[in-house]
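Each remark here refers to the structure printed beneath this line.
The values are calculated or read from the model by the stated rules, or taken from the named source; none is laboratory data. None of the values given here were measured: they were computed from a predicted structure. Note that each Cβ is placed from the backbone with ideal geometry, even for glycine, and that neighbours are counted across all protein chains shown. Heads up: the accessible areas ignore ligands, DNA and RNA and are worked out on the full protein's heavy atoms, side chains in. Shrake-Rupley method; radii C 1.70, N 1.55, O 1.52, S 1.80 Å.
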Amino acid sequence: MDFNDNASQAEWRKEVATFLAAEKPKSDPDATPQEMMERGRSMMKEWRGKLSAKGWVAPAWPKEYGGGGLSKKQARILQEEMAKAGAYNPIGGMGVMMFGPTLLEYGNEEQKRKYLPEVASVRIRPRIWSAIIVSISAFTSLRVIINSSPPYRATESVTRMHSLRIPATF
């Protein structure tokens, strides 16, 4: 099996490396920890914006949903080059790694167009993902499985199912 890049992959790798060299946030070795913290937030927001504009927060998602439309190999090259450059990689997290793929697989077109671009642009934050998951549910109730542990006897199999009614309006 050949693990070397073909010509188009090598060109893509070069394009990514060039972008990262030019656009990656630069650190200031003379900055105090306080200055680094203050600048860090704005630098990371700007960096996420740059990656989002290219669709690189969710590189393998379709472009129409805010992703990069990259092949799996191109997305892998992107991750490798980001690691090599020491660039902060916002690829990951619950939105991109769990919520998005689930919605891509099971969501309807309206839901995909409404939520995926927000996740890919890093505008949706974790505190509202659970609300979104509830709102896209095909049902108006969310079932939560609670596995109970002692004080119940070890011989008892205790799994309780609770049904919560949650309004699906925001």
Total residues in segment 13-40, condition part of a loop (DSSP other than H, G, I, E, B) and in contact with a Leu (Cβ under 8 Å, 6 or more places away or on another chain): 0
Do any residues in segment 90-109 that are over 17 Å from K45 (Cα atoms) have Cβ atoms under 7 Å from those of residues that are part of a helix (DSSP H, G or I) and open to solvent by 50 Å² or more (accessible area, probe 1.4 Å), where the two are at least six apart or on different chains, and which pairs are they? M94/P126; F99/I133
Exactly one condition in (1) at negative phi; (2) at pLDDT 85 or above; (3) surrounded by fewer than 13 Cβ atoms within 10 Å (Cβ to Cβ) is false for G86; which is it? (1)
Which ones in segment 16-53 are farther than 20 Å from A120 by Cβ and of a type in the set (D, E)? D28, D30, E35, E38
Condition first: touching a Gly at 6+ places or on another chain (Cβ under 9 Å), part of a helix (DSSP H, G or I), open to solvent by less than 50 Å² (accessible area, probe 1.4 Å) and not aliphatic (A, V, I, L, M). Can you find one or more residues in segment 41-56 that meet it? yes
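If I filter segment 71-82 for residues that are at pLDDT below 90, of a type in the set (S, T, N, Q) and surrounded by 16 or more Cβ atoms within 10 Å (Cβ to Cβ), do I get at least one hit?
Going through segment 71-82, the residues at pLDDT below 90 turn out to be none.
No, that holds for no residue.
How many residues, within segment 57-111, are aliphatic (A, V, I, L, M), in a loop (DSSP other than H, G, I, E, B) and over 10 Å from the mean Cα position of the chain (by Cα)? It would help to see each step written out before you state the result.
First, the residues of segment 57-111 that are aliphatic (A, V, I, L, M): 57-58, 60, 70, 75, 77-78, 82-83, 85, 87, 91, 94, 96-98, 103-104.
Within this subset, residues satisfying the condition of being in a loop (DSSP other than H, G, I, E, B) are 57-58, 60, 70, 87, 91.
Restricting the remaining residues to those that are over 10 Å from the mean Cα position of the chain (by Cα) gives 60, 70, 87.
Summing the residues that are aliphatic (A, V, I, L, M), in a loop (DSSP other than H, G, I, E, B) and over 10 Å from the mean Cα position of the chain (by Cα) in segment 57-111 gives 3.
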